[in-house]
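Participant: Okay, handing you the structure first.
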Amino acid sequence: MIKATNLVKTFGKVKALDDVSVEIKKGEIVCLIGPSGSGKSTLLRAIKGLEEVEQGEIYIDGEKFDKKNIKQQNKMGFVFQHFNLFPHLTVLENLTLSPIEVLKMSKADAEVLAKDLLIKVGLEDKIQAYPNQLSGGQKQRVAIARSLAMNPEFMLFDEPTSALDPEMVCEVLKVMQDLAEQGMSMIVVTHEMGFAKKLSSRILFLEEGKIVEESSPTTFFENPKTDRAKEFLEKITYLQ
Amino acid sequence: MTLSDMLTVENLTYLLNGAMMSLFIAICTFTFGTILGVIGAAMKISKSKLLQWIAKIYVDFIRGTPMLLQILFLYLGFPLIYKMVTGSFIRVNPYVIGIIAISINSGAYVTELIRGGIQSIDKGQWEACQTLGLPYGLTMRKIILPQAFKNVLPPLVSEFIMLIKDSCLISCIGAVELLQGAQILGARYYNYVVFLVAASIIYLIMTSVVSFFANKLEKRLAAND
């Protein structure tokens, strides 16, 4: 279980996180939704320790999270909007680097694992390619496989499809759907309402650094509790 | 006196020996300069204000004064300081002093090159390493430095070419390299132009060869960009 209590983070005068508390249990798929600048990415990054918070604590399975604690870090995989693959390493090396260096896996074992994961994301033929030879969607699938190689209990996605061309969004969502159906716990910052509606177990709607609504997907999309969520949904479904 | 009287095998060998000395000095100073540069860059991007401050003074001082002055200062100043501290005289070798002085000088420039190269790496690379549990040292060694090296290769090659040419500055403290060798021969025959032209051709050949191989290396490294 991941638990965040009373997180506060400011950028200059802007409160990106304004006393946010959240709990995510194993097996849950939680989508963070909200307008840009609402603090949803900051919340996700704070949970992973990528963002220093001014106040508040993160707990993982009841233990206080220390971002230097590699065992705790490895419980959470993280997927970035801009992939952040290592451009000078092949796909295979991108996947095996951490298992070998951090988990002290043997090279052979790491390569078997990497191949399995690449089959999972449908990219076994790209094993020797460099990231620059891949499309955006392929890069993101490699990035997901790279995170999975550390065998995390939770997967954190920070707008994984926002930097992709429209026709590539699907292939990434498909991989995420597979993961969801296999029971992976996920926290997803997304603008893909279809994904949120269909696969999430819970929706957190953020605005101005606060969680303003917490609902099941059915309630959120069909009968949102707050006016703000209603307004937001009207805006994004315009002309649909 | 004809050209063939002056450009004898003996004289050409003398010039080539000078060229070898220039190249030797360039290789030594480049090696030490790069080591100093990596240390300087590490200090500049460290979290310690003191280390940052020391590196800044080093770079600002070296870049703000002429290299010729630094060579002369070390050559003339070092024995003086040695005598003040130990009370005895020391004879310094101009080649050794020259290499030390130029290395210190080059190190300041390389510090800035490498610092820039490291800082040009996208923040996302650091973050990806953090999310994968890679510690700082491994992140640096496996991810940041290999990419930074590729970025700084062209300016590093320029630095090396500069060192081949700047090695002639140590002639001012009595060391003989290519340019000084040409001047010595020029004085012997009362004809400087021939030997200066010969020296410039040798300099050009050396720098062109370095550029050629550097370009090849650069292309190979850029293959997966």
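The values are calculated or read from the model by the stated rules, or taken from the named source; none is laboratory data. Remember, predicted model here, so these are calculated numbers, not experimental data. Counting neighbours? That spans all protein chains shown, and the Cβs are built from the backbone with ideal geometry, glycine included. The area values use the complete protein model at the heavy-atom level, side chains included, leaving out ligands, DNA and RNA. Shrake-Rupley method; radii C 1.70, N 1.55, O 1.52, S 1.80 Å.
Participant: With a bin width of 10 angstrom, please list the P(r) values of segment B:132-225 as percents of all Cα-Cα pairs, from the 0 bin to the one holding the largest distance.
Facilitator: 14, 30, 23, 17, 11, 5, 1
Participant: Can you give the convex hull volume of the alpha carbon atoms of segment A:17-128 per residue, in Å³? Don't jump to the answer; show the numbers that get you there.
Facilitator: Numbers: hull volume 17.0 nm³, N = 112.
Per residue, the Cα convex hull of segment A:17-128 comes to 152 Å³.
Participant: Same structure, new question: Just going by the charge dipole of chain A, with Lys and Arg at +1 and Asp and Glu at -1 on Cβ, which of A:Gln81, A:Ser36, A:Ile70 is farthest out on the positive end?
Facilitator: The Cα lying farthest towards the positive end belongs to A:Ile70.
Participant: A follow-up question, please. If you take the beta carbon distance between B:Leu217 and B:Met20 as r and set R0 to 35 Å, what does 1/(1 + (r/R0)^6) give as a FRET efficiency, to the nearest 0.05? Don't jump to the answer; show the numbers that get you there.
Facilitator: Working: r = 23 Å, r/R0 = 0.66.
Once rounded, the FRET efficiency stands at 0.95.
Participant: With N set to the residue count of segment A:1-45, report its C-alpha Rg divided by 2.2 N^0.38 Å to two decimal places.
Facilitator: 1.21
Participant: Quote the total accessible area buried by chains B and A together, excluding ligands, DNA and RNA, probe 1.4 Å, nearest 100 Å².
Facilitator: Separately minus together, B and A give about 1900 Å² buried.
Participant: Just how large is the dipole of segment B:155-225 about the Cα centre, in debye to the nearest 20, putting +1 at every Lys and Arg Cβ and -1 at every Asp and Glu Cβ? Mind showing how you got there, number by number?
Facilitator: On the way: 5 positive and 5 negative charges, 41 e Å.
So the magnitude is around 200 debye.
Participant: Okay, next question. Say the dipole of the protein assembly as shown comes from +1 at the beta carbon of Lys and Arg and -1 at that of Asp and Glu; which of B:Ile164, B:Ile35, B:Phe73 then lies farthest toward its positive end?
Facilitator: Farthest along the dipole direction, towards plus: B:Phe73.
Participant: Taking the Cα centre of segment B:3-224 as origin, sum charge times position over the Cβ atoms of Lys and Arg (+1) and Asp and Glu (-1), and report the length of that vector in debye to the nearest 20.
Facilitator: 740
Participant: Another question, if that's okay. Among the listed pairs A:Lys9/B:Lys49; A:Lys3/A:Lys48; A:Lys64/A:Lys104, which are separated by more than 21 Å between their Cα atoms?
Facilitator: A:Lys9/B:Lys49; A:Lys64/A:Lys104
Participant: So how tilted is helix A:91-101 from the main axis of chain A? Cα-based, degrees 0 to 90, rounded to 10.
Facilitator: Roughly 90 degrees, rounded to the nearest 10.
Participant: Shape call for segment A:185-240 from the C-alpha gyration tensor, a ≥ b ≥ c root eigenvalues: rounded (a/c under 1.5), prolate (a/b greater than b/c) or oblate?
Facilitator: Cα axes put segment A:185-240 in the rounded bin.
Participant: Sort A:67-79, A:136-148, A:96-108 by packing, meaning the average of other beta carbons within 10 Å per residue, with the highest value first.
Facilitator: Details: A:67-79: 19.2, A:136-148: 24.4, A:96-108: 16.7.
The most tightly packed comes first, giving A:136-148, A:67-79, A:96-108.
Participant: Could you run the Debye sum over the Cα atoms of segment B:47-123, one equal point scatterer each and no solvent, and tell me log10 of I(q)/I(0) at q = 0.15, 0.19, 0.22, 0.26 Å⁻¹, two decimals?
Facilitator: Normalising to I(0) and taking log10 leaves -0.66, -0.89, -1.02, -1.15.
Participant: Placing +1 at every Lys and Arg Cβ and -1 at every Asp and Glu Cβ, with all other atoms neutral, what dipole size does the protein assembly as shown have around its Cα centre, in debye to the nearest 20?
Facilitator: Approximately 1040 debye in magnitude.
Participant: Output the Cα-based Rg and Dmax of segment A:125-202 in Å, rounding Rg to one decimal and Dmax to a whole number.
Facilitator: 12.5, 39
Participant: Compute the long axis of helix B:67-86 from its Cα atoms, compare it with the longest principal axis of the Cα atoms of chain B, and write down the angle in degrees, 0 to 90, nearest 10.
Facilitator: For helix B:67-86, the angle is close to 90 degrees.
Participant: Tell me which of B:Pro146, B:Ala108, B:Thr131 sits at the most positive position along the dipole axis of chain B, charges placed on C-beta atoms (Lys, Arg +1; Asp, Glu -1).
Facilitator: Value computed over the given set: B:Thr131.
Participant: Pairs A:Lys26/A:Lys174; A:Lys75/B:Lys142; A:Lys71/A:Lys107: which exceed 32 Å Cα-Cα?
Facilitator: Details: A:Lys26/A:Lys174 21 Å; A:Lys75/B:Lys142 23 Å; A:Lys71/A:Lys107 20 Å.
In this structure, no pair lies more than 32 Å apart at Cα.
Participant: Sorted by packing (mean other beta-carbon atoms within 10 Å per residue), highest first, where do B:198-206, B:159-167 land?
Facilitator: B:159-167, B:198-206
Participant: Let me ask something else about it. Using the Cβ atoms and a cut-off under 12 Å, what net charge is assigned to the surroundings of A:Phe65, where Lys and Arg are +1 and Asp and Glu are -1?
Facilitator: +3
Participant: Compute the Cα gyration tensor for segment A:89-158, then decide on rounded, prolate or oblate, letting a ≥ b ≥ c be the square roots of its eigenvalues: rounded whenever a/c is under 1.5, prolate when a/b is larger than b/c in the other cases, and oblate in all that remain. Intermediate values should be presented prior to the final figure.
Facilitator: Details: a/c = 1.74, a/b = 1.21, b/c = 1.44.
Oblate, since a/c reaches 1.5 and b/c is not below a/b.
Participant: Once you order the gyration tensor axes a ≥ b ≥ c over the Cα atoms, which shape class does the protein assembly as shown get: rounded for a/c under 1.5, otherwise prolate or oblate by comparing a/b with b/c?
Facilitator: prolate
Participant: Determine the share of chain A's accessible area contributed by carbon and sulfur atoms, expressed in whole percent, with a 1.4 angstrom probe.
Facilitator: Carbon-and-sulfur percentage of accessible area, whole number: 48.
Participant: What is the angle, in °, between the Cα long axis of helix B:178-189 and the longest principal axis of the Cα atoms in chain B? Nearest 10 is fine, range 0 to 90.
Facilitator: 10
Participant: Would you compute, from DSSP H runs of 4+ residues alone, the mean residue ellipticity of chain A at 222 nm, taking -39500 (n - 2.57) per run and dividing by the full residue count, rounded to the nearest 500?
Facilitator: Working: 9 runs with 90 residues, N = 240.
Using -39500 (n - 2.57) per qualifying helix, the result is -11000 deg cm²/dmol.
Participant: Report, in whole Å, the centroid distance computed from the Cα atoms of segment B:20-54 and segment A:60-79.
Facilitator: 37
Participant: Moving on to the next point. Where the eigenvalues come from the Cα gyration tensor of segment B:1-114, what are the semi-axes √(5λ) of the equivalent ellipsoid, largest first, in whole Å?
Facilitator: 35, 21, 11
Participant: Next question. Quick check for you: with a 1.4 Å probe and neighbouring chains kept, what is the accessible area per residue of chain A, in Å²?
Facilitator: 46
Participant: How would you rank B:169-181, B:129-141, B:209-221, A:215-227, highest first, on the average number of other Cβ atoms within 10 Å across their residues?
Facilitator: Working: B:169-181: 21.2, B:129-141: 18.2, B:209-221: 12.4, A:215-227: 14.8.
Ranking, from highest mean packing down: B:169-181, B:129-141, A:215-227, B:209-221.
Participant: Averaging sequence separations of C-alpha pairs under 8 Å and six or more residues apart, then dividing by the length of chain A, give the relative contact order as a whole percent.
Facilitator: Worked out over chain A, it gives 27 percent.
Participant: Along each of its three principal axes, how wide is the spread of alpha-carbon positions in segment B:63-177, in whole angstrom units, largest first?
Facilitator: So the extents along the principal axes, rounded to whole Å, are 59, 33, 22.
Participant: Which value in Å is the Kirkwood Rh of chain B over different Cα pairs? Could the numbers behind the result be given before it?
Facilitator: Values: mean 1/r = 0.0503 Å⁻¹.
It works out to 19.9 Å.
Participant: Taking segment A:2-238, how much of its Cα-Cα pair set, in percent, is spaced more than 30 angstrom apart?
Facilitator: In whole percent, the long-distance tail amounts to 25.
Participant: Carbon and sulfur together cover what percent of the accessible area of chain B at a 1.4 Å probe radius? Before the final figure, lay out the partial values.
Facilitator: Numbers: 8660 of 12290 Å².
Answer for chain B: carbon and sulfur cover 70 percent of the accessible area.
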